[in-house]
Amino acid sequence: MAGIHDSYQDCMAILRSRGKRFREVLKDFWVTISHHTTRSKVVQVVANVRVLANFAQSFVSLPSDMPSSLFSPTSLQHLVFSVAPLVSTVQNITPTALHTNNRFPNKDGTQIHFAHIKTHQSLTTPFFSKDTVNSRWKDVVEAIRALPTSEDVEFTRITSDFNHILTSLVLADEFELALKLCSSLSYALTLDEYTYSLWVSLYCKKDDPETAKSILAHMLEDGFQPKVATFTTLINSFCKAGKLQQAYEIFEVMGQIGCEPTIHTYNCLLKGLCFLGRVEEAYELLLNIKKSKKKPDLYTYTAVMDGFCKVGRSSEALELLEEAMEMGLTPNVVSYNTLFNGYFKEGRPLDGIGLLRKMKEENCVPDRITYSTLLHGLLKWGEIGAALSIYQEMLKLEFGVDGRLMNSLLRGLCRQSRKEKELLEHAYEVFERMQSRRLAIDPIGYELVIEAFCSGKKLDKALDNLYEIVRIGYSPKAFTFSNLIRVLCQEGKVHKALLVFVLVLKDGKSPSKVPFNLLINELNQQGMLLNARYLYGVALKCGMVPRNKPRVYLPAD
């Protein structure tokens, strides 16, 4: 009665981990089983106790408190639940259907029989993709986590089911759980080629190609012939780690055992060479590939293009792109993004504008990375006007611009607006958008936007933002204070200028002569001579003599 037995263990595991709220469910389970209710009712109750895809044949020792009536001939003729990942079936069987080799010893020495699980799909080959692992295998992963400790139970697994579970864990990036499963269960298995390949993939995903290499060696010693995909996975892992010599050693083993590399295998080597800056060797390998029976694909060309771009040879990368197109290959967005990166690094961001136009002509749709890379390059090299156009195009396409690029654009627009006043409104718009999105604005950006508000005579906003950066604990530069005081004095708003000057003193900085001269001059012009004399005295106490002196007060006759 494997299904009933497994369901009971699930109940106990849940009770141990989640407490009393499952006791009623457990009671309902035993009542249902004891009274031999309908098949649909049993299925419903089993679902209630979360029979979570019990990993195909997961058979454990039965607890002593399990009712003995469950093992009567009548019970054995009743129902056996076969639960496999994502597929649950209920089968009527008879005692004669239980094979003698499918037995597991109970603690009291008796033999408990169980039936082979039948599923609608072979468990040796996964029937899921990486995109669906998180949603479809969440219960499987959680169920494995909830397995009782080795002190409570023992496990056996047929190899295909073990491989199926291990595959799901590897694809779900549950590496530690997969390793725990391997260490606790693999001793009971007769390993096959697929199990070895899974282990190689597991350690490669953990960025441990050395261990994966040793597993491959054991695989060969046991007489198994690894598939080309297994070799390629290991070669790729070594290449990503920059261990090209070890990658070539694996490549040589392929030749020794007669395993023919695919173009993907060569692509991994090309990426490894380019990663280490050995671009000439990569290009030579590309030439050899073209001379062989192998046909380079788009990724072959893109890998070498990336290598050229990293060493400042974007023009040669463009030639490779054109060659790929002549061969009938259609460049994708990754190929073009590689060139955008190359132009940016070489200080040729405007060439990226032409490349973007060509990309659209070839019906290759730019993505957010394309625009972000181009925007970054234009801002880095001071092409603010072109950067603004790309930014506006991104907004139309509803591509999100991250905070780092928004800060760079804000700073660039504010600085450029010193020469091109028409950019002020664009700077204000970017600043307001950042505030509405609650993006963090860096201190330099705040100071530059205050300067921009001063240039546009938006003094109230300049004051508000000055108070804001002081409130959040940032100490503006002396130029920011002096510039705002100057503009306020020019507009005759000396009282607000004095408030700004008070902030300078509260900030603990020693003010320069500039704010003293500006304020004393404006106070003189507005006839506020006593205030001018007082401010002049403050300057003397600070150890400086302002150029502007307060006018002598002449009382009226």
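Observations on the structure shown:
- Across q = 0.20 Å⁻¹, region 440-532 modelled as identical point scatterers on its alpha-carbon atoms has Debye log10 I(q)/I(0) values of -0.92, in the order of the q list.
- Region 279-351 - Kirkwood radius from inverse mean 1/r over Cα pairs (Å): 12.3
- Accessible area ranking (1.4 Å probe, heavy atoms, ligands and nucleic acids excluded), largest first, for S335, S436: S436, S335.
- Pairs of Cα atoms farther than 20 Å apart, region 320-447, %: 46
- Working note: Debye formula, equal point scatterers on the alpha-carbon atoms of region 353-399, no solvent; log10 I(q)/I(0) at q = 0.31 Å⁻¹ is -1.23.
- Translational diffusion coefficient (Stokes-Einstein; Kirkwood radius from C-alpha pairs) of region 437-485 at 37 °C, 0.692 mPa s, in µm²/s: 305
- Once all protein chains are placed together, M528 keeps about 40 Å² accessible to a 1.4 angstrom probe.
- D_trans [Stokes-Einstein, Kirkwood Rh over alpha-carbon pairs] for region 373-495, 10 °C, 1.306 mPa s, µm² s⁻¹: 106
- Candidate residues F231, F251: accessible-area rank, largest first, probe 1.4 Å: F251, F231
- The modelled label-to-label distance between E193 and H264, using points 7 Å beyond Cα along the C-beta direction, is 1.6 nm.
- All C-alpha pair distances within region 195-248, sorted into 5 Å bins from zero, spread as 4, 24, 35, 24, 10, 2 percent across the bins.
- Proportion of all alpha-carbon pairs of region 204-301 beyond 20 Å (%): 34
The values are calculated or read from the model by the stated rules, or taken from the named source; none is laboratory data. All of these numbers come straight from a predicted model, not from anything done at the bench. Heads up, the Cβs are rebuilt from the backbone with ideal geometry, glycines too, and the neighbour counts pull from every protein chain shown. What goes into the accessible areas is simple: the full protein's heavy atoms, side chains included, and nothing from ligands, DNA or RNA. Shrake-Rupley method; radii C 1.70, N 1.55, O 1.52, S 1.80 Å.
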